[in-house]
Every structure is written in structure tokens, then in C-alpha cells.
Amino acid sequence: MFGGIIVNDTRGGVLSPWLQRRRLEMGPAYLRGRVLDYGCGDGQLAATCQPNAYLGIDVSLRALDQARAAHPGFRFATSVSGRERFDTVAAFAFIEHVADPGGWLARFASLLAPDGRIVLTTPHPSLEWAHTLGARMGLFSWDAHQEHQELLDRTRLYELASDAGLVVEAYRRFLFGANQLVVLRRAGEPHLSKAA
């Protein structure tokens, strides 16, 4: 069974819900097939998926209750079986909150179906000062800011991907360069010609 940590907590920051929406807007072009939404929070990504092809994972029971109320017919849980396989593993604003990001990438890779993709968003470390200032001013969640373990730049993301047997298929910065979108696939699998 895969456990989790609390992420995507938008409480405490005036702009946190707006930031979460911007991150979520980046992903749907890359989602396909059966989707695992890891660190799903209140399940906002579910609105872009089919109920029978979605599983949202979070350890916050409060967030899962909100997700179930907002998205009846979708599946939400606190963990996922290592036997399940997904065409897309989405982890938005998650990887910066864990102590072993490379280990998590390997875990996500183990849940991929053939030709599956991992889709991540994560803050870029070059603008950590802006995030810190915004959190101190109450614009962003101070708790989420304090929970950051490691902010990963492009070079570090590529290194961790390689160590986990993954390659970067797409990389893009957004929100004025403050955030990154990364799409990963297993090394040796074909590159998709376009987002599905």
C-alpha cells in the first residue's frame, strides 16, 4: 500500500486557491486514460476526468470528505495498492513536500501502465524568495511553505528522473517562472507526439 503526506492545503493564503487553480490548469492537456491524482486535496482535478478512470489519494480525511461531497461517483482513498496501474500519475504541488523525491518518482513509476506518464507541478527554487515573502504577508499558505523539503530546479528534476529510470518528455515553467510542469515517462518507452 502507498501512503501519503498532507499537501495541497490551500488554507491560510489569500492567493493559495488561485495558485492551485493555475497549477491544475496546466495538467489536463497531459492527462489520459486512468488517472491517479496523488495528493488530491479536495479533488479539484477530478472535474477533468471520468469517474470510472480516476483515483484521488490524500491523507487528509477532511480533504477527502470535501472531495467526495464535491465529486460524487469518483473514488477517493488514503492509499493505493501497489498492484494498480495508471495511464497518468498526477502529483501537483507534491514532490517539494517529501524528503525523498527520487524515491517517490520511482514509486510513481511502479504504478504506471505501459506507456504511462507522470505529470508533476512544483515551484522553481529561483523564486523561493517571492514565495517566502508572500507566505509571510499571508498571500500564500505559511504552513505549505514551511513543509517544503526541497525545491527542485530543472537540472535536479532531470537527475532524479534518470535515477528513477525515467526521462523528461516535457518541461515548462509557468506563473512567471515561479512554477514548473514536468511530464515523465519510463526510459525506453516511445515519446508521445502530442499531449493526449
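Simple rule: put +1 on each Lys or Arg Cβ and -1 on each Asp or Glu Cβ in the stretch 62-111, find the dipole, and look at Thr88, Leu105, Leu64; the Cα lying farthest toward the positive end is Leu64.
A simple spin-label model places pseudo-atoms 7 Å from Cα toward Cβ; at Asp100 and Glu189 they are separated by 2.2 nm. Each label point was placed 7 Å from the Cα along the Cα-to-Cβ direction; for Arg22 and Arg62 their separation is 2.5 nm.
Highest mean packing comes first when the peptides 174-184, 114-124 are listed by Cβ atoms within 10 Å, giving 114-124, 174-184. Packing, taken as the mean count of other beta carbons within 10 Å per residue, orders the peptides 37-43, 92-98, 106-112 from highest to lowest as 37-43, 92-98, 106-112.
Values quoted throughout were computed directly from the atomic coordinates according to the rules given, and no laboratory measurement underlies them. Being a predicted model, the structure only gives us computed values, none of them experimental. Here Cβ is always computed from backbone atoms with ideal geometry, including for glycine, and neighbour counts include all displayed protein chains.
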